[in-house]
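A.B. asks: Attaching a single structure in structure tokens format; questions to follow.
The values are calculated or read from the model by the stated rules, or taken from the named source; none is laboratory data. Keep in mind the model is a prediction, meaning the values are calculated, not measured. All accessible areas refer to the heavy atoms of the entire protein, side chains included, with ligands and DNA or RNA removed. Shrake-Rupley method; radii C 1.70, N 1.55, O 1.52, S 1.80 Å.
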Amino acid sequence: NSKLRHVEKDVLIPQIMRDRAKELCSDKVQAFTKCCQETGLLMVVKCRQENTALKDCLVGYYSDPSFYEECKAEYLKQREEYRATGIKKKRQRFTPNV
């Protein structure tokens, strides 16, 4: 049964998309993080270029229908495994290694 509930469509699958997009854009995440750490309070002004590059990368993935379908398939696979085993797969969180 691959019917999706509201919470799956609007919360759980977008969470997978965010986590995967952050991994795929990790070079831009790291560049923005590094810039912020180096500039402190002036980061709003000084890190504009890094911020724009990061946003463009993330939005590119968020607005890609095939990326959504990929993440949906991943979610359905995890849901199926959980239903079969009763063991919830621990969700991996993206942590930049700075």
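A.B. asks: At 1.4 Å probe size, with the rest of the protein present, what percent of the exposed accessible area of the chain is carbon and sulfur atoms?
C.D. replies: The computed percentage sits at 54.
A.B. asks: Give me the accessible area per residue for the stretch 6-82, probe 1.4 Å, as a whole number in Å².
C.D. replies: 65
A.B. asks: Quick one: angle between helix 48-62 and the longest Cα principal axis of the chain, in degrees between 0 and 90, rounded to 10, please.
C.D. replies: 10
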